[in-house]
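> One structure follows; several queries about it will come next.
The values are calculated or read from the model by the stated rules, or taken from the named source; none is laboratory data. Small disclaimer: the values here were computed from a predicted structure and weren't measured. Cβ placement follows ideal geometry from the backbone for every residue including glycine, while neighbour counts extend to all protein chains displayed.
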Amino acid sequence: ISGEMLKTAWRGNFRRLLALNRDIMLRSLLLQLCFGAITVLGARLGSDIIAVNAVLMTLLTFTAYALDGFAYAVEAHSGQAYGARDGSQLLDVWRAACRQSGIVALLFSVVYLLAGEHIIALLTSLTQIQQLADRYLIWQVILPLVGVWCYLLDGMFIGATRAAEMRNSMAVAAAGFALTLLTLPWLGNHGLWLALTVFLALRGLSLAAIWRRHWRNGTWFAAT
């Protein structure tokens, strides 16, 4: 392997790969910082709140994993459409994913609305924690309908290897999350769940705005 070959590789795919990994790492770091903040700040609200949030996070994680299945499908099919520069295929994938994941998100919300108390009772036998968790159950009804769109758009952007824009979107969402945490002295634990809702909403809205701008300008398939 000659020095010239290494130099060419660095300027081309290798450098791009490192940039891609850097942006994904920064995005993931911001994501973990926000979720870590929920644990840290929840601890300051008392041991019962820690226990309640752990139970509710179990529901959120289960929902996110289920909806991420659609995001993984979008990654694969939108990546194929991106590589082929096929706009019609990309739109078909997006519309199908929106329909199906939207229905599943709605089903999760309905299940949590109607049977959330029973599900919580299966996750903890402590009456005090059950009663306290029921006060915050409404957020589990809201979050699937808010979060599904950022999961899908993550898949769309990953398929197109647009990690820098995902990083920027996450930074906007993290800033909104931090600002919403200022409501904690008044809202308590509801403020934490409101901050998480704002976080997911801003991820979806910012990615949607970026995608729409590219689509209108015909630059979605441009080299990244």
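> Here's a check for you: in the range 73-115, which residue that is farther than 14 Å from LEU145 by Cα and among the hydroxyl-bearing types (Ser, Thr, Tyr) is surrounded by the fewest Cβ atoms within 10 Å (Cβ to Cβ)?
Of everything passing the filter in the range 73-115, SER88 is surrounded by the fewest Cβ atoms within 10 Å (Cβ to Cβ).
> Output the qualifying pairs, or none if there are none: Cβ atoms under 8 angstrom, residues six or more apart or on different chains, first residue in the range 159-173 and touching a residue at least 12 places away in the same chain (Cβ under 8 Å), second residue of a type in the set (Asp, Glu) and surrounded by fewer than 23 Cβ atoms within 10 Å (Cβ to Cβ).
From residues that are touching a residue at least 12 places away in the same chain (Cβ under 8 Å), the pairs are GLY159/GLU75; ALA163/ASP23; ALA164/ASP23; MET166/ASP23; MET166/ASP154; ARG167/ASP23.
> For the range 61-72, what are the residues that are surrounded by fewer than 20 Cβ atoms within 10 Å (Cβ to Cβ), closer than 19 Å to THR197 by Cα and of a type outside the set (D, E, K, R)? Spell out the reasoning first.
First pass over the range 61-72, keeping only residues surrounded by fewer than 20 Cβ atoms within 10 Å (Cβ to Cβ): 61-62, 64-66, 68-69, 72.
Narrowing further to those that are closer than 19 Å to THR197 by Cα: 61-62, 64-66, 68.
Hits for the range 61-72 are THR61, PHE62, ALA64, TYR65, ALA66.
> Taking LEU90, is it in a helix (DSSP H, G or I), hydrophobic (A, V, I, L, M, F, W, C) and at pLDDT 95 or above?
Numbers: in a helix (DSSP H, G or I): yes; hydrophobic (A, V, I, L, M, F, W, C): yes; at pLDDT 95 or above: no.
No; evaluated as a whole, the condition is false for this residue.
> While we're looking at this one, here's another question. Whether any residue in the range 6-29 is out of contact with any Ser or Thr (no Cβ under 6 Å at 6 or more places or on another chain), at pLDDT below 95, loosely packed, with under 11 Cβ neighbours inside 10 Å and charged (D, E, K, R) is what I want to check.
yes
> Here's something else I'd like to know. For the range 206-220, does any single residue satisfy the condition of being assigned to a loop (DSSP other than H, G, I, E, B) and surrounded by 14 or more Cβ atoms within 10 Å (Cβ to Cβ)?
The first filter runs over the range 206-220 and keeps only residues assigned to a loop (DSSP other than H, G, I, E, B), leaving 218-220.
Now narrow it down to the ones that are surrounded by 14 or more Cβ atoms within 10 Å (Cβ to Cβ): 220.
Yes; the residues of the range 206-220 include at least one that is assigned to a loop (DSSP other than H, G, I, E, B) and surrounded by 14 or more Cβ atoms within 10 Å (Cβ to Cβ).
> Next up: Here is a list: ALA64, ALA133, ALA121, ALA73. Which entry is within 12 Å of GLY155 (Cβ to Cβ) and in contact with a helix residue (DSSP H, G or I) (Cβ under 9 Å, 6 or more places away or on another chain)?
Working: ALA64 fails: within 12 Å of GLY155 (Cβ to Cβ); ALA133 fails: within 12 Å of GLY155 (Cβ to Cβ); ALA121 fails: within 12 Å of GLY155 (Cβ to Cβ).
From the options ALA64, ALA133, ALA121, ALA73, the qualifying one is ALA73.
For (1) farther than 28 Å from MET57 by Cβ; (2) within 16 Å of the chain's Cα centre (by Cα), each residue gets a yes or a no:
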| residue | (1), (2) |
| --- | --- |
| SER78 | yes, no |
| ILE103 | no, no |
| VAL111 | no, no |
| GLN140 | no, yes |
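> So, one more: Would it be correct to say that ARG162 is within 27 Å of LEU30 (Cα to Cα) and of a type in the set (Lys, Arg)?
On the way: within 27 Å of LEU30 (Cα to Cα): yes; of a type in the set (Lys, Arg): yes.
Considered against the rule, which asks whether it is within 27 Å of LEU30 (Cα to Cα) and of a type in the set (Lys, Arg), ARG162 comes out as yes.
> Within the range 138-179, track down each residue that is buried (at least 20 other Cβ atoms within 10 Å of the Cβ) and either among the hydroxyl-bearing types (Ser, Thr, Tyr) or not in a helix (DSSP H, G or I) (or both).
Result: TYR151, ALA160, ARG162, SER169.
> Pick out the one residue from LEU123, LEU152, LEU113 that is in contact (Cβ under 8 Å) with a residue 40 or more places away in the chain and over 30 Å from ARG167 (Cα atoms). Break it down into steps so the answer makes sense when it comes.
Values: LEU152 fails: over 30 Å from ARG167 (Cα atoms); LEU113 fails: in contact (Cβ under 8 Å) with a residue 40 or more places away in the chain.
After ruling out the rest, the residue left standing is LEU123.
> Moving on to the next point. Would you mind stating whether GLN32 is at pLDDT below 95, out of contact with any Leu (no Cβ under 8 Å at 6 or more places or on another chain) and among the polar types (S, T, N, Q)?
Details: at pLDDT below 95: no; out of contact with any Leu (no Cβ under 8 Å at 6 or more places or on another chain): yes; among the polar types (S, T, N, Q): yes.
Answer is no for this residue.
> Additional query: Condition test on TRP193, is it of a type outside the set (Ser, Thr, Tyr) and assigned to a helix (DSSP H, G or I)? Before you say what the answer is, go through the steps one by one.
Working: of a type outside the set (Ser, Thr, Tyr): yes; assigned to a helix (DSSP H, G or I): yes.
So TRP193 fits the description; yes.
> If you don't mind, another one. Looking only at the range 122-136, count how many residues are of a type in the set (A, V, I, L, M) and either crowded, with 17+ Cβ neighbours inside 10 Å or closer than 30 Å to ILE24 by Cα (or both). Break it down stepwise before answering.
So in the range 122-136, the residues of a type in the set (A, V, I, L, M) come out as 122-123, 126, 129, 132-133.
Now narrow it down to the ones that are either crowded, with 17+ Cβ neighbours inside 10 Å or closer than 30 Å to ILE24 by Cα (or both): 129, 132-133.
The number of residues fulfilling the criteria is 3.
> Could I ask something else about it? Can you run down the residue pairs with Cβ atoms below 7 Å, 6 or more apart or on separate chains, where the first is in the range 43-65 and over 23 Å from CYS150 (Cβ atoms) and touching a residue at least 40 places away in the same chain (Cβ under 8 Å) and the partner is loosely packed, with under 13 Cβ neighbours inside 10 Å and not aliphatic (A, V, I, L, M)?
ASP48/GLN128
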